[in-house]
1. Could you pull out every whole DSSP H run in the chain that spans at least 30 Å of Cα extent along its own axis and averages 0.5 or higher on the Kyte-Doolittle scale?
2. How much length would be gained if the chain were fully extended between LYS8 and GLU164, taking 0.36 nm per residue of separation minus their Cα-Cα distance, in nm to one decimal?
3. Which residue fluctuates most in the GNM of the chain (Cα springs below 10 Å): TRP59, TRP109, TRP45?
4. Largest first and to the nearest Å, give the Cα extent of the stretch 74-123 along each principal axis.
5. Using Cα pairs under 8 angstrom and six or more residues apart, how large is the relative contact order of the chain, in percent?
6. What whole-number volume per residue, in cubic angstrom, does the convex hull of the C-alpha atoms of the chain give?
7. Could you count how many Lys pairs in the chain have their Cα atoms under 28 Å apart, skipping same-chain pairs fewer than 8 positions apart?
8. Per DSSP helix of 4 or more residues, -39500 (n - 2.57); summed, then divided by the residues of the chain. What does that give at 222 nm, rounded to the nearest 500?
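Rule-based calculations on the coordinates, nothing more; no lab input. Nothing here was measured: the structure is a model prediction, and the numbers come from that model. Here the Cβ is made from the backbone with ideal geometry for all residues, glycine too, and neighbour counts use every protein chain on show.
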Amino acid sequence: MLDTHARKYVEPSIERSAGWFLKKGRTANEVTILAFLVGIGASVWYISGFPVVAIVFLWLSGFLDAVDGTMARNTEPSPFGTVMDVTFDRVVEIGIILAIAIVHPDVLWPLLLLSVSIIFSMTVFLVVGTVSEKAGMKSFYYQAGVAERTEGFLLFSLMMLVPEWLFFSTLFFFLVETYTGLQRLMEAKRIL
């Protein structure tokens, strides 16, 4: 929801950063890899006992993820770049879930449920994006929902920063993600 409705507020800094990388001769795929490495770094920092640093790395990874998309749209997007981008985004999220599971093994069941809900929601998102004839500013139809990447980062940040609420914040994230998957499934039925 925030990705769809609040991007206009951060778009100027995304555009400036994309322009800076392009002027330095960097490609969108290189920034995708950088975003991935920074995102994996978030997991390493969390396991190492530095949750605030982990959250900074997570958000920097998300910012770079937005920058690489802008770079691709301002140059020539590559289909493999899209595959790499979407795949690396999921690996970063998996990394955060695994890091939280390592540090807090007492919440494995809620984390497992969260993982299942993300798989469900992303499956609907990717299949609808593939079979839909609608085109957006991305290289496939982008289905908005209650839980987009920014909401996920907000909830991951809460989970990492306030461990005493971890059980309930993880279950809340599971419910929001499941609702988003159902929302996308109903939209798919309507548009297809």
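1. Counting only whole DSSP H runs, the qualifying helices are 51-74, 79-103, 108-131, 166-191.
2. 52.7 nm
3. Result for the chain, Cα springs under 10 Å: TRP109 fluctuates most.
4. 46, 21, 14
5. Averaging sequence separation for qualifying contacts and normalising by length gives 24 percent for the chain.
6. 107
7. Summing the qualifying lysine pairs gives 8.
8. -27000 deg cm²/dmol
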